[in-house]
Amino acid sequence: MVDNCIFCKIIAKQIPATIVFEDEQIIAFKDIHPKAKVHLLIVPKKHIATFKEISANDGDLLGHMLIKTKEIAEEHHLNDYKLSVNVGQHGGQEVFHLHLHLMSAPN
Ligand code: AMP
Ligand code: ZN
């Protein structure tokens, strides 16, 4: 839990979010400003500020995140979709707690 991190606060249930999946390692919730019909954020509970800070120790966590993302996409009946990670301020990252965007393809 990192002070002033909005995603840590969602993980700690200090601020609300529409949670669609949660286990001991990750949480997934609806993006508050959706850019697609389905726009979910897949977030590790461990505070990793940005993709640039991942290490070999995070391999199991990141693998778990990807497998669960695939399952969450299936549960939302998404066939084609986009996965993205914004890395750093100039990469469009606004929230500095690692997250994967899962967005449905336009239909
Ligand atoms: P990024 O630009 O990759 O850091 O993406 C941050 C995303 O978090 C944006 O798409 C925001 O709409 C979303 N976001 C910010 N605050 C919240 C919140 N309280 N609940 C859900 N999504 C949020
Ligand atoms: Zn955090």
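For the range 19-44, the set of residues classified as free of Cβ contacts under 8 Å to residues at least 40 places away in the same chain, open to solvent by less than 60 Å² (accessible area, probe 1.4 Å) and either over 18 Å from Leu78 (Cα atoms) or among the small types (Gly, Ala, Ser) (or both) consists of Ile27 only. Please verify whether Pro16 is within 23 Å of Ala73 (Cα to Cα), at pLDDT 95 or above and surrounded by 11 or more Cβ atoms within 10 Å (Cβ to Cβ), treating the condition exactly as stated. Criteria not met by Pro16.
Kindly indicate whether Ile72 is surrounded by fewer than 16 Cβ atoms within 10 Å (Cβ to Cβ) and part of a helix (DSSP H, G or I). If you could, list the steps in order and put the result at the bottom.
Numbers: surrounded by fewer than 16 Cβ atoms within 10 Å (Cβ to Cβ): no; part of a helix (DSSP H, G or I): yes.
No; evaluated as a whole, the condition is false for this residue.
Among the residues making up the range 88-107, those that are without any contact (Cβ under 8 Å) to a residue 60 or more places away in the chain, surrounded by 14 or more Cβ atoms within 10 Å (Cβ to Cβ) and part of a loop (DSSP other than H, G, I, E, B) are Gln93, Leu98.
Being exposed (fewer than 12 other Cβ atoms within 10 Å of the Cβ) and in a helix (DSSP H, G or I) is a property that holds for Lys52.
With the structure loaded, tell me whether Leu78 is in contact (Cβ under 8 Å) with a residue 40 or more places away in the chain, open to solvent by 20 Å² or more (accessible area, probe 1.4 Å), more than 16 Å from ligand 1 (Cβ to nearest atom) and of a type in the set (A, V, I, L, M) or whether it fails that test. In short, yes.
The values are calculated or read from the model by the stated rules, or taken from the named source; none is laboratory data. All figures in this text were calculated on a predicted structure; none of them were measured in a lab. Counting neighbours? That spans all protein chains shown, and the Cβs are built from the backbone with ideal geometry, glycine included. Protein only, heavy atoms only, side chains kept; ligands, DNA and RNA dropped before computing areas. Shrake-Rupley method; radii C 1.70, N 1.55, O 1.52, S 1.80 Å.
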